[in-house]
Amino acid sequence: MAGTRRYDPARRQRIIDAAIRVVADRGIAGLSHRSAAAEADVPLGSTTYHFKTLDDLLVAALRQANAGFALTPDVRDGDLADALARLLGELLAADRARVELEYELYLAALRRPVLRPIAAQWCEAFAAGLAEHTDPVTARALVAVFDGICLQVLLTDLPYDEAYAREVLSRVLGRG
């Protein structure tokens, strides 16, 4: 029956998933309601119904990306620097494209203030996990160094140097 609206409880999630795929393929600049609708194979009106603005869609995408990007270092023998260096190496080796996507969404907060609280939540959650192994100030510094090393690798295409990362992280911990 033409014009009949079908109830589709999964449509909103499909749009979010599609937005993440669009950003992964074309970057933030390639995301629009139209591109998300085409990728999700839904009518354009569905994207604007669920997400009034593009920022609303980006917020949902960043929240979902953050949920799937929880970082927990496997601390062995109490060596947090080693655990973080290994974790970063594993992330970059396992799915570099996923890490690039996460950082693209994370860095979009520079130009889109509505994303800043979500980006801050990711930093705070990572630092809180690290604070179980060190003090809160050092935990925040470790997050900054972790992000910095990761961005250097992503932006320069240099191979990840785990020994270098371990040394820098050790220095932040006052052991270098």
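The values are calculated or read from the model by the stated rules, or taken from the named source; none is laboratory data. What you are looking at is a predicted structure, and each value in this text was computed from that prediction instead of being measured. Virtual Cβ from ideal backbone geometry, glycine too; neighbours counted across all protein chains shown. Heavy atoms of the whole protein, side chains included, go into the accessibility calculation; ligands, DNA and RNA do not. Shrake-Rupley method; radii C 1.70, N 1.55, O 1.52, S 1.80 Å.
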Heavy atoms of Val168: accessible area, 1.4 Å probe, square angstrom to 10: 40 Å²
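Over segment 1-120, with every protein chain in place, what whole percent of the accessible area is carbon and sulfur at 1.4 Å, could you tell me?
Values: 3450 of 6620 Å².
Ligands and nucleic acids excluded, carbon and sulfur give 52 percent.
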In degrees, nearest ten, helix 96-107 long axis to first principal axis of the chain (Cα): 80 degrees
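In square angstrom, what is the accessible area per residue of segment 121-176 with a 1.4 angstrom probe?
Working: 3250 Å² over 56 residues.
Heavy-atom SASA per residue in segment 121-176 reads 58 Å².
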Structure-based [θ]222 nm, the chain - -39500 (n - 2.57) summed over DSSP H runs of at least 4, per residue, nearest 500: -21500 deg cm²/dmol
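Counting other C-beta atoms within 10 Å, and keeping those with at most 11, which DSSP coil trypsin sites (Lys or Arg not before Pro) do you find in segment 53-148?
Those that pass, being in a loop and sparsely packed, are Arg76, Arg111.
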Helix 136-156 vs. the chain, principal-axis angle (Cα, 0 to 90°, nearest 10): 70 degrees
Surface accessible to a 1.4 Å probe, per residue, for the residues of segment 11-99, Å²: 48 Å²
D (Stokes-Einstein, µm²/s), Kirkwood Cα radius, the chain, 0.692 mPa s at 37 °C: 185 µm²/s
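Compute and list, largest first, the equivalent-ellipsoid semi-axes of segment 48-120 from the alpha carbon gyration tensor, each √(5λ) rounded to a whole angstrom. Let's see the in-between values first.
Numbers: eigenvalues 179, 28, 21 Å².
Rounded to whole Å, the semi-axes are 30, 12, 10.
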Computed magnitude of the charge dipole of segment 25-78 (debye, nearest 20; Cβ of K, R +1, Cβ of D, E -1): 160 debye
Surface accessible to a 1.4 Å probe, Val143 within the full protein complex, Å²: 10 Å²
Under Karplus coefficients 6.51, -1.76 and 1.60, residue-wise ³J(HN,Hα) of segment 36-49 in Hz, glycine/proline x: 5, 4, 5, 5, 7, 6, 10, x, 3, x, 5, 5, 6, 5
Between helix 54-67 and the chain: long-axis angle, C-alpha atoms, 0 to 90°, nearest 10: 40 degrees
Dipole magnitude of the chain about its Cα centre (Cβ charges: Lys, Arg +1; Asp, Glu -1), debye to nearest 20: 940 debye
